[in-house]
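One structure is given here, and the rest of the page talks about it.
The values are calculated or read from the model by the stated rules, or taken from the named source; none is laboratory data. Keep in mind that this is a model prediction, so the values were computed, not measured. With ideal geometry, Cβ positions are generated from the backbone for all residues, glycine too; neighbour counts draw on all protein chains shown.
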Amino acid sequence: DTAVSQTPKYLVTQMGNDKSIKCEQNLGHDTMYWYKQDSKKFLKIMFSYNNKELIINETVPNRFSPKSPDKAHLNLHINSLELGDSAVYFCASSRGTGGPNEQFFGPGTRLTVL
Amino acid sequence: TQLLEQSPQFLSIQEGENLTVYCNSSSVFSSLQWYRQEPGEGPVLLVTVVTGGEVKKLKRLTFQFGDARKDSSLHITAAQPGDTGLYLCAGARAAGNKLTFGGGTRVLVKP
């Protein structure tokens, strides 16, 4: 029983294309996140949603648009992909916005832009 | 400049040896977490510390939160190959606030 799942696991695409990554959690959590992990393994938050509402929006190009149809799903759409978008993208969830904010991560989506 | 600095960046030791990973900041954190990430997988939470001076043990892993809540350490006793992975510390500046991750320490335990 996967707690946080992402699809696809791997995504290889050409520059300029538009692609989406999907995330689902079955933990009953209220808050979901998108992180980007670069080639040096540095993990940086991009977005966070709490009960379908955007609560964190870091300095991310507006080519990246998250969408949360319900609190169990948070998808990430990327327009006009660039070489620098190549990275591993992780979805995560947490119980809420209060407390220590312990997060549960998905397995990641490795995006390669050619 | 990262808010959380981890050291060393890479550590290679023999099975049975001990190791310590450090996570330092000039900022105060309300809580600090340690995660382990294996290749091809997402980070997995190991522990959360919230009180200055707190020490938590998880089998052979000992986690300490600094008295001033600005730093933390992870000590592994008698390391095993299964301890190999990327160890990440992450801090929250306020309760429920976003997590800021350190740059990670890659640990390799050779049999």
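Just so you know, in the stretch B:78-97 the residues that are exposed (fewer than 15 other Cβ atoms within 10 Å of the Cβ) and assigned to a loop (DSSP other than H, G, I, E, B) include one that is nearest to the other protein chains (Cβ to nearest Cβ), and it is B:Ala95. Scanning the stretch B:9-37 for residues that are over 24 Å from A:Ala87 (Cβ atoms) and part of a loop (DSSP other than H, G, I, E, B) gives B:Glu15, B:Gly16, B:Glu17, B:Asn18, B:Ser25, B:Ser26, B:Ser27, B:Val28, B:Phe29, B:Ser30. Of all residues in the stretch B:38-48, those being surrounded by fewer than 17 Cβ atoms within 10 Å (Cβ to Cβ), at the interface with chain A (Cβ under 10 Å from one of its Cβ atoms) and either touching a residue at least 40 places away in the same chain (Cβ under 8 Å) or assigned to a loop (DSSP other than H, G, I, E, B) (or both) number 2. Here are the criteria: (1) within 14 Å of chain B (Cβ to nearest Cβ); (2) closer than 18 Å to A:Asn50 by Cα. Tell me which single one A:Lys71 does not satisfy. Every listed condition holds for A:Lys71 apart from (1). Does the stretch A:28-44 include one or more residues that are more than 13 Å from chain B (Cβ to nearest Cβ) and charged (D, E, K, R)? No, the stretch A:28-44 contains no residue that is more than 13 Å from chain B (Cβ to nearest Cβ) and charged (D, E, K, R). Out of B:Thr51, B:Thr62, report the one residue that is part of a strand (DSSP E or B), β-branched (Val, Ile, Thr), farther than 29 Å from A:Lys9 by Cβ and more than 9 Å from chain A (Cβ to nearest Cβ). After applying the criteria, what remains is B:Thr62. Restricting the stretch A:74-104 to residues that are among the polar types (S, T, N, Q) and farther than 22 Å from B:Glu41 by Cβ leaves a set whose member that is farthest from the other protein chains (Cβ to nearest Cβ) is A:Ser80. The residues on offer are B:Thr100, B:Thr1, and the sole one that is assigned to a loop (DSSP other than H, G, I, E, B) and modelled with pLDDT under 95 is B:Thr1.
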